[in-house]
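Where a number appears in this text, it was derived from the coordinates with a stated rule and is not lab data. Keep in mind the model is a prediction, meaning the values are calculated, not measured. Here Cβ is always computed from backbone atoms with ideal geometry, including for glycine, and neighbour counts include all displayed protein chains.
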């Protein structure tokens, strides 16, 4: 059984060297960047907008109990049934319970990262239900039996030929590898599923406290159909998704679109406030909303990292992260990848088992710089590292740093180390780049500079 | 203790310790964040002209960028005539709509059988329709969006299931920006909200295959906005 | 004025010419330069790896050696960020917090010192080559150091600056990251070098020798037609 850390390194090693993968991702990200920058430039004051969004989310999360209660009150007043789940297991059980009472056969789903987080699809399939992912990217990776590659672009890593191939194998229908034709195949297949489905399950981008509504952002219309046609609708949403007021969306929807996909606004931004209301002739007869904790309250309790709950899941930090761009989403081996994933996963799961995600970063800070709600992501990576080494120190590293302190601090010791280093480098040539090389981690792919014949300190000491 | 009580208790306990204010320079941030006003939002969001003509032009430009077909006509008769033209060009056989004033007038001009979603209907029959014709609550200049609800636009499915969505709007329904749209929704429906509110911007689209833009992923492949 | 110059470990050992260039430039401008015999390291490696107690042991010596300094110029963006931005976080809640907060406003990265504090951009330098600039992450994002290097390069006679697409993208060094995740670090460095090669520049210039060490290491191993040079080495050439 490989640990997540070992698996990560194996996958990272493979994908970092995969030039084809590198090219695909760099191209996709390059196009995204151009569009994103245009959208940011269209704002009169992008930095001002970030500060407003950060403060709004601070208010939402730091008064979460009050906003959640208001949210639930307004939602229940319209006949929706609200369920609270402390753990992923509870959420799965709640949803399976609803499915059992509804004579369910076919379930259609729109994208919900929380459902990935709690492995809902597996549980539903094991219970014998047919589960169909309706978002095109999710539909494709579901056919390929792999997890989504990116929280916004699940099939970003695939070429049209690979998609054609899986459509041919699993659907028996793939006229060509033309993206339009492939999309139409999916459209045909899914249309039938929307009409057949007994239950529609969605996630949500925001939970509006003031009016008791779930806001869902999408481009395809699959969530709208999931919410329109089946008789029962279920929305699974993390408790942290709260926004205080309806009008906060006037800021968040354009920001989410700009950073997520480089659009001015996504095609469909839809608010759902209950089941079919009196006077309405379609829509679900029952609407269930499952509020998910699953360690979010633990993150909430960490005042230093509480703002990681401000995340609106736009994916901008993934797009800008040089680590993500080189190793890809699957390498992280967990639901949330990229910088936000590296920050929250050690806190939502086991700290020491997942700390490697926080270490696999050069701390360049591009993530914090780009985050529309100003989460201090790279500082949180540092804090995770500190917390993990306090909980379970790596003794050889601790000793190495303890020894290094006086060596660096005392000029006499530093001089000695300098002279020893020069001698060592002579011998180093013999083992350089090979398995015996103590600096192998570096020298496998890079040359090391020689220690100067006269170091700066040596020069400074003897200068007139 | 229900799970609700458990979760709320954990939240309250967690929040007993204050978290730092957002923003890089903590000293410069306010002592307590204040939720932005509409004026605050308007200072940072993309600019919108003040006059109707500027806003109309902006809406038109946005619609074009998004591949929505926007036609601004003289009056309701002209609108009906425009609709007839589209009907002929696309060879509609079956039309779906809802029984409001504008849609009623528009559909009458077509002379085709109309599936009305005002009373119970068969979703498979709706799926067989070539077009869904609906009214709307507002057109948003800033983004080129159409605001609809399950009460104003014939339910949830009419505007998204048929492959072509036609919106019939009055020019007075043009609002400058998203803050105005949300204010309108609040004042119109605040006492009793419909179960669905949708801000629709362009026809359905996806970029999930190699980031190539494809229209009509699941929702309508065409969005036509007729405004008089 | 009296300038206290902090020379980080890798400049001391591998690139002393960078420190020498800085001393010459500052003295030519009429300032007295002091290099305290204190620690050779700002404590960043231990800090970044999560061993904050061990990092403090080194950083306390740095604080003590710089006490009373009028102004501190740091010969790299990453050490500059450590002292200016991260020391307050490292020492928060300890009895050294005040010293750390007092030190921060006195700290400048070298190019920022010349341009922002001294108001100097023209050093009479000459470097007739085509170059591209790498913005080290700490200098760029923690110290907001985008403009000063470019203002200095603009005054160097004969120098042609071509910006690379990935100017602001991390080179992949990241301190211990380069040894802990060498495959990712290498891939990042390759992406960076490819972007530099696209500009047809002869040199990659930076204000951070640790970044240049990473890039030069790759360039040498892969025999790429590129050279690296620190901005100070350019500015000292007449």
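What number results when the radius of gyration of segment A:239-303, computed over Cα atoms, is divided by 2.2 N^0.38 Å?
It is 1.49.
Rounded to the nearest 500 deg cm²/dmol, what is the calculated helix-only ellipticity per residue at 222 nm for the protein assembly as shown, with -39500 (n - 2.57) per DSSP H run of length n ≥ 4? Working shown, then result.
On the way: 42 runs with 435 residues, N = 930.
The helix-only estimate for the protein assembly as shown comes to -14000 deg cm²/dmol at 222 nm.
Please check: in the Gaussian network model of chain B (C-alpha springs, under 10 Å), which one of B:218, B:98, B:165 has the largest mean-square fluctuation.
Residue with maximal mean-square fluctuation among B:218, B:98, B:165: B:218.
Extent of chain C along each principal axis, from alpha carbon coordinates, in Å, largest to smallest?
52, 44, 27
Using only alpha-carbon positions, what ratio does the radius of gyration of the protein assembly as shown give when scaled by 2.2 N^0.38 Å?
Expressed relative to 2.2 N^0.38 Å, the Cα Rg reads 1.02.
With everything on Cα atoms, drop me the angle between helix A:338-348 and the longest principal axis of chain A, reported from 0 to 90° to the nearest 10.
Helix A:338-348 sits at roughly 80 degrees to that axis.
If you take each beta carbon of peptide A:301-313 and count the beta carbons of other chains within 10 angstrom, what is the mean?
Per-residue shielding by partner chains comes out at 3.
Share of antiparallel DSSP beta bridges in chain A, in percent to the nearest 5?
So the antiparallel bridges amount to about 25 percent of the total.
Counting other C-beta atoms within 10 Å, which of C:219, A:201, A:375, C:25 has the fewest, and how do the rest follow?
Values: C:219 22, A:201 29, A:375 26, C:25 19.
So the ranking, lowest neighbour count to highest, is C:25, C:219, A:375, A:201.
By average Cβ neighbour count within 10 Å, what is the ranking of B:179-186, A:220-227, B:71-78 from highest down?
A:220-227, B:179-186, B:71-78
Can you pull the Kirkwood radius for segment B:51-227, inverse mean 1/r over Cα pairs, to one decimal in Å?
For segment B:51-227, the Kirkwood estimate is 16.4 Å.
Any idea how far the Cα center of segment A:392-464 sits from the one of segment B:87-134, in Å?
If we compute the Cα centre of each part, the gap is 79 Å.
Report the per residue volume, in Å³, of the convex hull enclosing the C-alpha atoms of segment A:1-157.
Working: hull volume 31.9 nm³, N = 157.
Normalising the Cα hull of segment A:1-157 by residue number yields 203 Å³.
What share of all Cα pairs of chain A, in percent, falls into each consecutive 10 Å distance bin?
The calculated distribution, bin by bin, is 4, 17, 27, 24, 14, 7, 5, 2, 0, 0.
I want to verify a result. In a Gaussian network model of chain B, Cα cutoff 10 Å, which of these has the top mean-square fluctuation: B:170, B:43, B:94?
B:43
Hey, what's the per residue convex hull volume over the C-alpha atoms of segment B:1-130, in cubic angstrom? Display every interim value, and only then the final one.
Details: hull volume 33.4 nm³, N = 130.
Taking only Cα atoms, segment B:1-130 has a hull volume of 257 Å³ per residue.
Among rounded, prolate and oblate, which fits segment A:406-462 when a ≥ b ≥ c are the square roots of the eigenvalues of its C-alpha gyration tensor, a/c under 1.5 means rounded, and a/b larger than b/c means prolate? Intermediate values should be presented prior to the final figure.
On the way: a/c = 2.58, a/b = 2.08, b/c = 1.24.
It comes out prolate by the Cα gyration axes.
What is the Cα centroid distance between segment A:143-219 and segment A:254-291, reported in whole angstrom?
The distance from the Cα centre of segment A:143-219 to that of segment A:254-291 comes to 17 Å.
Of the beta bridges DSSP finds with both residues in segment A:111-261, what % are antiparallel, to the nearest 5?
35
Considering every residue in A:11-23, what mean count of other chain Cβ atoms within 10 Å of its Cβ is obtained?
3
Tell me whether segment C:81-200 comes out rounded, prolate or oblate; compute the Cα gyration tensor, take square roots of the eigenvalues as a ≥ b ≥ c, and use a/c under 1.5 as the rounded threshold.
Since a/c reaches 1.5 but b/c is at least a/b, the shape of segment C:81-200 is classed as oblate.
For segment A:53-294, what is the largest minus smallest coordinate of the Cα atoms on each principal axis, given in angstrom and ordered from greatest to least?
Projected onto the principal axes, the Cα atoms of segment A:53-294 cover 53, 42, 37 Å.
What is the packing order of peptides A:452-464, C:194-206, A:335-347, A:302-314, taking the mean over residues of other C-beta atoms within 10 Å and listing the highest first?
My ranking of the peptides, most packed first, is A:335-347, A:302-314, C:194-206, A:452-464.
Which angle between 0 and 90 degrees, to the nearest 10, do you get for helix A:249-261 versus the longest principal axis of chain A when only C-alpha atoms count?
Computed tilt is about 60 degrees.
Segment C:130-235: percent of C-alpha pairs farther apart than 22 Å? Walk me through the numbers on the way to the answer.
Values: 1307 of 5565 pairs.
The answer is 23 percent, as a whole percent.
In peptide C:216-223, how many Cβ atoms from other protein chains are near each Cβ within 10 Å, on average?
Mean shielding count: 4.
If you take every DSSP beta bridge whose two residues both sit in the protein assembly as shown, what share of them, in percent to the nearest 5, is antiparallel?
Here the share of antiparallel DSSP bridges comes out near 25 percent.
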